[in-house]
Amino acid sequence: MSEFIPVGPITDFADPSSTLVEVDDESVALIHAAGSFYALDDVCTHDGGPLSDGPLHEDENPPAIACPRHGAKFALTTGAALTMPATQPTRVHEVKVEDGQVLVKLTV
Amino acid sequence: MTTAISNTTKFDAAGFEALLAERAGEPAWLTERRKVSWQAFEAANWPSSKDEEWMRTDIRLFKLDAFKPTAGVPVAIAGEQPLLSHGVDLGGRVESVNGAATLSELDGEIIAKGVVFGSLSEAVTQHGDRLQKAFDREVVSPTYDRFAMLNDACWTGGVVLYVPKGVRIEKPLHAVSRLSGAGATDMTKTIVVLEEGAEATLLMESASTDAESAGLHNGTIEIVVGRGAKLRYVNLQNWNNRTWHFAHQKAVVGKEAQLQWTIGALGARLAKVNQRVALAGADAEAQVNGVMFTQGKQHLCYNTHQHHEAPYCRSDLLYKNALQDSSRTVWRGMIQVDEAGQRTDAYQRNDNLMLAATARADSIPGLEIEADDVRCTHGSTSGRVDDTMIYYAMSRGYTRQEAVRMIVTGFFQQVFDRITIDSVREALGEAIGQRVQDLPNQ
Ligand code: FES
């Protein structure tokens, strides 16, 4: 069963930023943007690009992150693929902040 | 002997000094070589997804600091029975735990023929000069990437097999490497040299003593098959699914020589292996067989390379992969034919059987041909398990799991048929059967 796993103090994650974190052996892109935290699989569904290395588009609607490889955009809230060449959504995970710690719970 | 390497030692400058201190009995040329490679390692970066070869294999979660150079005092661990040697009359065997030899045996009559088979660590102190030549040959380049540099600087384990000219060893030789405990490392070099007309069968396998401990294997395998020599070589990678496995492997096959190389890849959290065969003398022949079975979140990446440097050579590569769950395999295969490689006959093929919609297999075959009179063919297929086949088998009274197991076994049959050693075929079939789970309904 998956549970909330601490990934670091809130001060480790500037706003805005995206960081690769390890949660239960998986690569997760942790994004801090406009005061909110988001967690997505750090794997682009087009061809496996590392999402956390890509540019943030936090001011767009919906807020998104783009893959550094070929530019596919994914919605931070839902993981939906917003632009080509990705067509499949990436997984999103629950995030919460408690006592200054950021915690992520993997979606299984 | 006191051990300079403690549990807190890391792969840093102090850890490297401790490793050298512990291995003070090694020949000077080797110590010097380690130092050069260590310097190269310190100056280099890890490969990244920007490198073509690593684009599909993400190692950002790999942290070398989680692993320690192996302490040199071997502790024999009662592991499970090795798979490949089951029921085989062996001519010799070597066992190691965390890169330190725990057992080394060789039949007296084989020793009498001048064969050397045992732990490389021991051999470098006993046969240092002869081995220096093998090291100098650099079949695998010690500067290929940061993993190769680290291996060349810090290896502790591994096996050496030397078969003199004209000597034929009938009985197979066997080696098993085990990883035991969290943070354990198997940093090994394997060196195999068959002189002209020699013959041997070498079975090697790996295993973890428990399913949970994260381990690291960083190894090289260097094989030289001399003129007219014949080697059958089997390598079964069966670590637990939390082990990082990095390997550079290369065989150089001489004039009229034959190599049959079978790889089984079942374990590892992430594996990145370069497997290369060079057909270096006219009329050389290499057959490469690969069997992969993955599950969970495993990621196995194999880069194969068939290099035709001489005329009239044959190479034939077949990799078959079956994937469960959200596991992933990457196969990149290259056939390279030099201008001198006229009348080459080369083949490469990779078939993937997808047992779950969430699994993913990438096959990237390639050809690079400079000769004009060659026959080079390649192919790749990917397919799902056929539901009607399962339905049919179930209607005949098999459970779903039995049906899947039969289909998977049938899928691998083509590569099993090529493996000429009975025990190996059985062991692979057995190991895969154990790993087949029920297919999710999809
Ligand atoms: S890999 Fe991400 S867009 Fe192609």
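Below is a table of values for the structure above.
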item: Extension gain, A:M84 back to A:K96 (0.36 nm per residue minus Cα-Cα distance, nm); result: 1.3 nm
item: Pairs from B:K230/B:K250; B:K189/B:K255; A:K73/A:K96; B:K250/B:K297; B:K68/B:K272; B:K113/B:K250 whose Cα-Cα separation, in the structure shown, is over 18 Å; result: B:K189/B:K255; A:K73/A:K96; B:K250/B:K297; B:K68/B:K272; B:K113/B:K250
item: Hull shadow area, averaged, the stretch B:95-171 [alpha-carbon convex hull, nm²]; result: 6.1
item: Computed E for B:S141/B:D345 - FRET, C-beta separation, R0 22 angstrom, nearest 0.05; result: 0.20
item: Whether the stretch A:1-48 is rounded, prolate or oblate, judged on the alpha carbon gyration tensor where a/c under 1.5 counts as rounded; result: oblate
item: Probe 1.4 Å - accessible area at B:H86, Å² to nearest ten; result: 130
item: Backbone N under 16 Å from the A:D47 label point (7 Å along Cα→Cβ), restricted to the stretch B:318-358; result: B:330-333
item: Per residue convex hull volume, Cα atoms of the stretch B:183-225, in Å³; result: 61
item: Gap separating the Cα centres of the stretch A:1-71 and the stretch B:116-161, nearest whole Å; result: 42
item: Extension reserve of the B:N45-B:S213 stretch, reckoned as 0.36 nm per residue once the Cα distance is removed; result: 57.8 nm
item: Cα-based equivalent ellipsoid of the protein assembly as shown: semi-axis lengths in Å, sorted from largest, via gyration tensor; result: 40, 29, 23
item: Rg(Cα) / (2.2 N^0.38 Å) computed for chain B, rounded to two decimals; result: 0.96
item: Surface share of carbon and sulfur [accessible, 1.4 angstrom probe, percent] for the protein assembly as shown; result: 48
item: Kirkwood estimate for the stretch B:250-362, i.e. one over the average of 1/r between Cα atoms, Å; result: 14.4
item: In nm, spacing of pseudo-spin labels at B:M406 and B:Y391 (7 Å Cα→C-beta vector); result: 1.6
item: Label point distance in nm, B:T31-B:Q414, each placed 7 Å from Cα along Cα→Cβ; result: 5.4
item: Proximal aspartates and glutamates to B:K35, defined as alpha-carbon separation beneath 12 angstrom and excluding residues fewer than eight positions away on the same chain; result: B:E17, B:D152
item: Whole-angstrom gap from the stretch B:251-317 to the stretch B:167-239, using each part's C-alpha centre; result: 14
item: For q = 0.12 Å⁻¹, Debye-computed log10 I/I(0) when each Cα of the stretch B:329-442 counts as one equal scatterer; result: -0.59
item: Label-point separation in nm, B:K10 to B:E368, each point 7 Å along Cα→Cβ; result: 3.7
item: Probe 1.4 Å - accessible area at B:L30, Å² to nearest ten; result: 0
item: Orphan Cys of the protein assembly as shown, criterion: no other Cys C-beta under 4.7 Å; result: B:C154, B:C301, B:C313, B:C376
item: Loop GluC sites (Glu not before Pro), the stretch B:212-282 (other Cβ atoms within 10 Å of the site Cβ: 16 or fewer; DSSP); result: B:E212
item: Hull volume in cubic angstrom per residue (convex hull over the Cα atoms of the stretch B:119-164); result: 80
item: Per-selection Rg to Rh, the stretch A:5-105 - Cα, Kirkwood hydrodynamic radius; result: 0.94
item: Two-site FRET efficiency, B:H86 against B:R384, from Cβ-Cβ distance with R₀ of 30 Å, rounded to 0.05; result: 0.35
item: Surface accessible to a 1.4 Å probe, B:K10 within the full protein complex, Å²; result: 80
item: Overall Cα dimensions of the stretch B:161-285 - principal axes, largest extent first, Å; result: 46, 26, 19
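The values are calculated or read from the model by the stated rules, or taken from the named source; none is laboratory data. What you see is a predicted model; the values in this text were computed from it and never measured. Virtual Cβ from ideal backbone geometry, glycine too; neighbours counted across all protein chains shown. Calculation scope for accessible area: heavy atoms of the full protein, side chains included, ligands and nucleic acids excluded. Shrake-Rupley method; radii C 1.70, N 1.55, O 1.52, S 1.80 Å.
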